[in-house]
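A.B. asks: Structure in structure tokens, see below.
The values are calculated or read from the model by the stated rules, or taken from the named source; none is laboratory data. Predicted model, so just to flag it, every value in this text is computed and none were measured. We place every Cβ from the backbone using ideal geometry, glycine too, and count neighbours over all the protein chains shown. When the accessible area is computed, the model is the full protein with side chains, heavy atoms only, and any ligands, DNA or RNA have been set aside. Shrake-Rupley method; radii C 1.70, N 1.55, O 1.52, S 1.80 Å.
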Amino acid sequence: MFNLIIPIYLNEQNIEELIKSLVSLNIKLDKKLFCTFVIDGSPDKSYEYICKYIKFSKLKHDILIHSRNYGSFAAIRSGLTYSKGKYFAVMSADLQEPISLIEKFFKTLSSNNYDILVGVRKSRNDPFLDKFFSNIYWFFYRKFINQDIPKGGVDVFACNEEFKNHLVSFSESRSSLIALIYWLGFRRKELKYSRQARIHGKSSWTFKKKISYMADSLFSFSSLPISVIIFVGFFGSILLIIASLVIFYMKMKGLINISGYTTIILTIMLLGAVNLFSIGIVGAYCWRAYENSKNRPQAILINSNRDGFREKII
């Protein structure tokens with residue numbers, strides 16, 4: 001069974017075309033496709049449209065519903081957690097990843113030569129600003145978090161059951177799904193594809209969300225902030241010693257008229273800046289440790305098969 005997880009958020013305009021593409025994919029996969037739609041608190045009529053169009057598609061499917069919008073990565077995790085099968089893949093509902101890539105994912109996994117496949121963009125038909133900010137995001141991601149990440153980043157992936165079980169076993173509430181994929185290792189292969197232009201709607205994956213996600217990735221997978229603290233503290237101390245020697249020399253030469261003023265100001269400014277910066281970064285680590293220690297569910301699923309939805313805790 002090939003299980004395809006599709007997060008849904010503000011995608012009502014894409015649903016009809018999405019279902020048609022999935023029907024075509026199902027035929028190519030000898031009708032072994034199972035679709036798991038995860039409605040991630042979408043405020044539009046995406047759920048109603050899925051129910052409407054999938055009724056006549058004969059697609060095997062399941063629909064999971066989040067109680068609110070938790071983000072696409074939480075939706076992917078929900079889909080993986082509740083899906084059954086041997087092979088799993090993830091795609092977005094806006095059809096920017098060609099359906100042929102998902103077919104290639106499943107057929108490549110079927111060879112049992114790889115555990116995890118990642119889609120790597122070789123080109124993208126997106127607006128200039130979207131490409132510009134995306135390139136900035138992935139540049140810093142590769143620079144400070146994981147240099148193994150492809151230059152164009154990773155949006156979609158596929159894996160076998162063993163890899164999936166390890167991936168969903170992580171219960172971190174503030175983390176990076178992509179970084180976890182590369183951290184886990186296993187037999188990995190990158191498949192290149194051309195990202196298609198978005199036909200309907202506007203992406204909810206904003207620059208602000210990217211920065212927030214990169215921060216989560218940084219504090220969860222990199223010791224860079226601690227290294228920065230050590231670097232700033234060490235060289236700050238050296239500068240303080242040099243400044244003290246210079247001030248002492250100027251004092252001995254009678255070049256400072258106000259006794260103690262310059263020394264006090266220099267010391268307060270330097271140590272204050274170092275302490276403030278250090279406390280900020282250490283505080284970020286403490287906050288993430290606090291978030292994980294609360295053990296809150298990463299998402300709450302609602303079963304649609306009743307008048308008042310039944311809740312499932314992830």
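A.B. asks: How many percent of the accessible area of segment 80-151 is carbon or sulfur, using a 1.4 Å probe? The partial results should precede the final answer.
C.D. replies: Values: 1910 of 3480 Å².
The computed percentage sits at 55.
A.B. asks: In what sequence, largest accessible area first, do Leu180, Leu270 appear using a 1.4 Å probe?
C.D. replies: Details: Leu180 0, Leu270 45 Å².
In descending accessible area the options line up as Leu270, Leu180.
A.B. asks: On to the next question. Please arrange Phe139, Phe144 by accessible surface area, largest first, computed with a 1.4 Å probe and ligands excluded. Don't skip to the end; give the middle numbers.
C.D. replies: Details: Phe139 120, Phe144 85 Å².
If we order Phe139, Phe144 from most to least accessible, we get Phe139, Phe144.
A.B. asks: Just in segment 51-110: which chymotrypsin sites (Phe, Trp or Tyr not before Pro) are loop by DSSP and have at most 14 other Cβ atoms within 10 Å?
C.D. replies: Details: sites: Tyr53, Phe56, Tyr70, Phe73, Tyr82, Tyr87, Phe88, Phe105, Phe106; in loops: Phe56, Tyr70.
Taking segment 51-110 and a limit of 14 other Cβ atoms within 10 Å, the loop chymotrypsin sites (Phe, Trp or Tyr not before Pro) found are Phe56.
A.B. asks: Once amide H atoms are placed 1.01 Å from N in the peptide plane, what residues at a sequence separation of 5 or more from Val120, or on another chain, have their amide H within under 5 Å of its amide H?
C.D. replies: Leu191, Lys192, Tyr193
A.B. asks: Now for a separate question. Suppose a student asked you for the relative contact order of segment 49-158, using Cα pairs under 8 Å spaced at least 6 residues apart; what percent would you report?
C.D. replies: Numbers: 70 pairs, mean separation 31.6, N = 110.
Over segment 49-158, the number comes to 29 percent.
A.B. asks: Between Asp62 and residues 5 or more places away or on another chain, which pairs have amide H atoms under 5 Å apart, with H built 1.01 Å from N, and which residues are they?
C.D. replies: For Asp62, whose amide H was placed from the backbone, the distant partners under 5 Å are Cys35, Thr36, Phe37.
A.B. asks: In straight Cα distance, which aspartates and glutamates are under 19 Å from Lys122, not counting same-chain residues fewer than 8 positions off?
C.D. replies: The qualifying aspartates and glutamates are Asp94, Glu97, Glu103, Asp130, Asp148, Asp155, Glu190.
A.B. asks: Anything over 21 Å Cα to Cα? Flag those among Lys58/Lys84; Lys84/Lys192; Lys55/Lys104; Lys20/Lys60; Lys55/Lys164; Lys107/Lys192, in the order listed.
C.D. replies: Listed pairs above 21 Å: Lys84/Lys192; Lys55/Lys104; Lys55/Lys164.
A.B. asks: Is there a quick way to get the dipole size of segment 19-171? I mean about its Cα centre, with the Cβ of Lys and Arg at +1 and of Asp and Glu at -1; what is the value in debye to the nearest 20?
C.D. replies: Details: 23 positive and 15 negative charges, 69 e Å.
Charge dipole of segment 19-171: 340 debye, to the nearest 20.
A.B. asks: Which trypsin sites (Lys or Arg not before Pro) in segment 33-63 pass both tests, a DSSP loop state and at most 16 other beta-carbon atoms within 10 Å? Present the calculation step by step, with values, prior to reporting the outcome.
C.D. replies: Values: sites: Lys45, Lys52, Lys55, Lys58, Lys60; in loops: Lys45, Lys55, Lys58.
Qualifying residues, ordered by number: Lys45, Lys55, Lys58.
A.B. asks: Still on this model: In sequence order, what are the phi-derived ³J(HN,Hα) couplings for segment 155-167 according to the Karplus relation 6.51 cos²θ - 1.76 cosθ + 1.60 with θ = phi - 60°, rounded to whole Hz, with x for glycine and proline?
C.D. replies: For segment 155-167, the Karplus curve yields 10, 10, 7, 9, 7, 8, 5, 4, 5, 4, 4, 5, 5 Hz.
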